[in-house]
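The values are calculated or read from the model by the stated rules, or taken from the named source; none is laboratory data. Note that the coordinates shown come from a computational prediction; the quantities given were computed from them, not determined experimentally. So basically every Cβ, Gly included, is an ideal-geometry build from the backbone, and we count neighbours across all protein chains shown.
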Amino acid sequence: MPAVADLAQTGMHHAQGGWVEFDSVTFRYPDQPKPAVRDVSLVAAPGRLVLVTGSSGAGKSTLTQLLLRFHDPEDGSIRLDGTDIRNLTLRRLRSSVTLMLQETMLFDGTIRDNIAYGDPTATDERIAEAARIADAAGFIEALPQGYDTIVGQGGGNLSGGQRQRLAIARALLRNTPVLVLDEPTTGLDAVAARKVIAPLRRLMAGRTTILISHDLHLAHDADEILVVDQGRIVQRGTHARLAAVGGKYAELWQAQSAGVVEPVSREREPAVQVGRPLTLPFAEPSLWRPAPAQP
Ligand SMILES: Nc1ncnc2c1ncn2[C@@H]1O[C@H](COP(=O)(O)OP(=O)(O)OP(=O)(O)O)[C@@H](O)[C@H]1O
Ligand SMILES: [Mg+2]
C-alpha cells in the first residue's frame, strides 16, 4: 500500500495555509557593522519547497531567526498567511512552524517520548506510524527495548542519521503547515544523508518548506532556489535554470557534483534523479488535501 494511503488513515495530513512572505527584509545583529540580511524578498507558497543556499555566513540561518521572531527586521516585514508576524502571538506563530536543525534536540528520555514531543497527545499507534513514515521504525524495533530505549544525553546512544529520522517522526506528529529545515543532512556521512532524503520528502510533501542547505541533494525537488551572498539574494530560479546560467549557484553545484562536497551519487540513489523531482507517490500534492471534517 502506498505510504500516502497510510498517511490518510492516520490523519497525518498537512495543516492548511502556510504562505510565508519576506518583503524587503533587512536586519543587522546588534553591534555588527554590516547587516546580516539585506533587502530580502521571498514568497514560499503552501506546499512549495524553497531551497536557500550560499556560502557560510551568508545570512541563511538568520532568515530562520527572523521568521521565528528571535529577532525582528530593522526594515521590511515578514508575513504568515498575509498577517505581519509582529501581529501574531509568539505562540500562534511558533505553533505554525516546525524548525528542524542540523543537530536534533533530543532529551534523555525514551524514543517514544522523544517522538511524542511533537504531539504529547499522540497514541502509541500514531507514534509508531510516524516512526514508520520517517523510516525509523526498523531501527527502533531492532533495539532490545524498542520504543522504551533511552536515547542518552542529546541522543548520544543513536547515530546522527537515526537522530534525524526521529526528528522527522516528531515533526510529522507536530504537523505544522510550515517547515524550516536548517542543514538537515549536514554533518551526516553520505550513507546516513541518503537515508534521510526519502523521509524528508514525505515530511515536506504538502507543506510550505524552507530548506536551508549547503548540500544540494534536494535541489531538483525545489520549486525555487535562492542563492544568498553577504545577506542578499544574488540568484533565484530553478535548479535547471541556475545550473545553466553560470554564476554562484553553478559554482556551488559544480563543487558538489565534482565530489568536493560529498554528493548523493545519482547511480546509487534513484530517488534524486536529475530532472525528476517529487517522483514518489506521496509527494503528489493532490493526495495531500486536508481530510474532510469528521461528522
Ligand atoms: N547572534 C549573532 N550575533 C551577531 N552576529 C551574528 C549572530 N548570528 C550570526 N551572526 C553573523 O551574521 C552573519 C550571517 O550569519 P548566519 O548564521 O545567518 O549565516 P549562514 O548563512 O547561516 O552561515 P552557515 O552556512 O555557516 O550556517 C554572519 O556574518 C554571522 O557572523
Ligand atoms: Mg546557518
Residues of segment 30-71 classified as under 13 Å from Val234 (Cα atoms), within 8 Å of ligand 1 (Cβ to nearest atom) and buried (at least 18 other Cβ atoms within 10 Å of the Cβ), total: 5
Residues of segment 173-213 that turn out to be small (Gly, Ala, Ser) and under 9 Å from the mean Cα position of the chain (by Cα), as a count: 0
Residue match in segment 65-84 (condition: of a type outside the set (Gly, Ala, Ser), part of a loop (DSSP other than H, G, I, E, B) and modelled with pLDDT under 95): no
Residues (away from ligand 2 (no atom under 16 Å from the Cβ) and of a type outside the set (A, V, I, L, M)) located in segment 165-198: Arg165, Arg170, Arg174, Asn175, Thr176, Pro177, Asp189, Arg194, Lys195
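From Ala171, Ala219, Ala193, which residue is more than 26 Å from Arg94 (Cβ to Cβ), crowded, with 23+ Cβ neighbours inside 10 Å and touching a strand residue (DSSP E or B) at 6+ places or on another chain (Cβ under 7 Å)? Working first, answer last.
Numbers: Ala171 fails: more than 26 Å from Arg94 (Cβ to Cβ); Ala193 fails: touching a strand residue (DSSP E or B) at 6+ places or on another chain (Cβ under 7 Å).
On inspection, the qualifying residue turns out to be Ala219.
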The lone exception for Ser213 - which of (1) touching a helix residue (DSSP H, G or I) at 6+ places or on another chain (Cβ under 8 Å); (2) within 16 Å of ligand 2 (Cβ to nearest atom) it fails: (1)
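Within segment 108-173, considering only helices (runs of 4 or more DSSP H) that don't extend past its boundaries, which have at least 2 residues that are under 19 Å from Met204 (Cα atoms), modelled with pLDDT of 95 or more and small (Gly, Ala, Ser)?
Output list reads 124-133.
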Options Phe107, Phe70: the member that is more than 16 Å from ligand 2 (Cβ to nearest atom), closer than 22 Å to Pro184 by Cα and not hydroxyl-bearing (Ser, Thr, Tyr): Phe107
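Would you mind finding the one in Val227, Val234 that is modelled with pLDDT of 90 or more, touching a Phe, Trp or Tyr at 6+ places or on another chain (Cβ under 8 Å) and either among the hydroxyl-bearing types (Ser, Thr, Tyr) or over 17 Å from Leu179 (Cβ atoms) (or both)?
Numbers: Val234 fails: touching a Phe, Trp or Tyr at 6+ places or on another chain (Cβ under 8 Å).
Result: Val227 is the single residue among Val227, Val234 that is modelled with pLDDT of 90 or more, touching a Phe, Trp or Tyr at 6+ places or on another chain (Cβ under 8 Å) and either among the hydroxyl-bearing types (Ser, Thr, Tyr) or over 17 Å from Leu179 (Cβ atoms) (or both).
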